[in-house]
Amino acid sequence: MNSQLLEKITKKYQEKFSETPITLRAPGRINLIGEHTDYNEGFVLPTGVSAAIYFAMGSRNDDKVCLYSYDFNSECQFNLSDTQKPKEQWASYLFGITKIIMEKGYKIKGYNCVFGGDVPVGAGMSSSAALESGLALGISELNNLKLDKMEMAKIGQKSEHEYVGVKCGIMDQFASIFSKAGKCVKLDCRSLEYEYSKLELGQYMFVLTDSKVKHSLASSEYNTRREECALGVSALQQNFAEVNSLRDADLPMLETIVNSVNEKVFDRCRYVIEENNRVIEACKQLNAGNLEEFGKLLYASHEGLSKLYEVSCKELDFLVDKTKNMDYILGSRMMGGGFGGCTLSLIKKDKLEEYQSVIAPAYKAAFGIDCKFYPVVVENGTERIS
């Protein structure tokens, strides 16, 4: 926990509102394995990280909401009865959470809120989900609503859909809320059932390496992949009525449609089926404490994302390939939607500096870009601090 940042945010709240607030933290997240499986009703394996957004909040006696973004040094106010969302983009997330809680029939008071965080924006750690999750818990605490965790995750997702305009899955909000230190959590994206696995890394740790690129293909290709998966499902349904999504298919089933779909559709489906299997296998290996086998699954995931699903890029492939001859790294893969963003690597703790000293100049020489490194500490989900 970043105690210094929490202290600054609490102090700023006291300066602005002359009262003692409640305080909360909501973590960013990483996804260990299970990429592009969510919209195919498959499995994902996220966990919360120490980078978080911190909130200082207090109730008001009117229906006004007063927000202050510590990071942007920006203020915004609205009334609970307002129907137009604020013009500030960052406030849309908070306005959406507030309105959706009210739409669900909960009675709430106006509130004051100061928030800020150390979740890097654009590094794939879902700062927006942390913002939504923390505010939902804060409103629940101030008004004694006793919102349950899954309801808060769904409120965050709905806010993103309706007030921000991003049709995200539920993984990010789920991970920010449900995470536990020393654990990762397998989420079934169809039933929303979940179970925790051990994440005891010993002398190892995760590090994110930010490629600092975001290719414009990302959004259009994302839609194309969804369409290609749907074509595969349609073809499978001709032979197997029980297949409602790729989640229901296995590789022998897939072989039956090899001649009735094009090669790309076949490859997309093969990747998703194999990736779902990798998530299940990853949980087994982590629970057994077998980090070497888990690391192999990370490499296999990247190979599938790069060759079969084709959502990697030369920068991400370069960063993953460079780790393969480093005996202190057990596995590495691209994380997130693709076409840029970060790689996730499992590395010996005492070799982090050596890794950075090798990767940074090699990447700069290859692409003329300074990559950035984010060491990861696994942490609890969204919680009230005081």
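The values are calculated or read from the model by the stated rules, or taken from the named source; none is laboratory data. Since we're looking at a predicted model, the values are computed, not measured. Cβ placement follows ideal geometry from the backbone for every residue including glycine, while neighbour counts extend to all protein chains displayed. The protein model used for the area step is the full one, side chains on, heavy atoms only, and it has no ligands, DNA or RNA in it. Shrake-Rupley method; radii C 1.70, N 1.55, O 1.52, S 1.80 Å.
A compact table of results
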quantity	calculated
Heavy-atom surface of region 257-376, accessible at 1.4 Å and reported per residue (Å²)	41
Per-residue SASA entry for THR83, accessible area with 1.4 Å probe, Å² rounded to 10	110
Rg/Rh for the chain, where both radii come from Cα atoms and Rh is the Kirkwood radius	0.99
Rounded to 10°, Cα long-axis angle of helix 3-17 versus longest principal axis of the chain	40
Rg [Å, one decimal], Dmax [Å, integer] - region 252-386, C-alpha atoms	17.3, 61
The chain - percent of accessible surface contributed by carbon and sulfur, probe 1.4 Å	47
Simple Cβ-charge dipole of the chain, Lys/Arg +1 and Asp/Glu -1, about Cα centre, in debye nearest 20	840
Nearest-10 value in Å² for the accessible area of ARG247, using the 1.4 Å probe	60
Angle in degrees between helix 217-239 and the longest Cα principal axis of the chain, rounded to the nearest 10	60
Approximate shape of region 258-321 as ellipsoid semi-axes (Cα gyration tensor, √5λ), whole Å, largest first	24, 17, 6
Normalised per residue, the volume of the convex hull around the Cα set of region 58-204 (Å³)	131
Flagged links, alpha-carbon separation over 29 Å, of LYS85/LYS154; LYS212/LYS324; LYS64/LYS186; LYS154/LYS183; LYS154/LYS364; LYS180/LYS296	LYS64/LYS186; LYS154/LYS364
Distance (nanometres) between label positions extended 7 Å along Cα→Cβ at GLU195 and ALA181	2.6
Helical contribution to [θ] at 222 nm, DSSP H n ≥ 4, -39,500 (n - 2.57), averaged over the chain, rounded to 500	-13500 deg cm²/dmol
Heavy-atom accessible area per residue - region 12-94, 1.4 Å, Å²	38
